[in-house]
1. Residue pairs, Cβ under 8 Å, 6 or more apart or interchain, first in the range 79-97 and farther than 14 Å from Phe41 by Cβ, second in a helix (DSSP H, G or I). List them.
2. Are any residues in the range 43-75 polar (S, T, N, Q) and over 19 Å from Ile86 (Cα atoms), and if so, which ones?
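What follows draws every value from the coordinates through simple rules; no lab data is involved. These numbers come from a predicted model, not from an experiment. Heads up, the Cβs are rebuilt from the backbone with ideal geometry, glycines too, and the neighbour counts pull from every protein chain shown.
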Amino acid sequence: MQIPPGYSHHTIPTSAAPLVCKLNRSIYGLKQASRSWFAKFSTTLISQGFKQSKFDYTLFTKGSNSTFIAILVYVDDIVIASPSNIEIESAKIMLHHHFKLKDLGDLKFFLVWNCQSHR
């Protein structure tokens, strides 16, 4: 195993035993990266009051008598749906606080469906 790029050779004592690099976090490109990311994503949403669907584990919902919001994860896309724009914006702010995201705007197509907003 080689020392990772950017790691200074000067911090390694010359009298030290042979060193082993330990992977402490998932890195994009590893087989486990998507699983690790989804586990963190799920934990974050559940801690914010969302409930994970028992039938589709990529669907998270949150609601009360007056509001409802659904978040669906599909590969590397997140779909947020709610009749309330305020709920959508607060969910996006919460997700931006925890993750690096890029807002692609209103949903145009999802799988084979043509999607339209009725705002």
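1. Final answer for the pair search is Ala81/Ile88; Ser82/Ile88; Ser82/Ala91.
2. Thr43, Thr44, Ser47, Gln52, Ser53, Thr58
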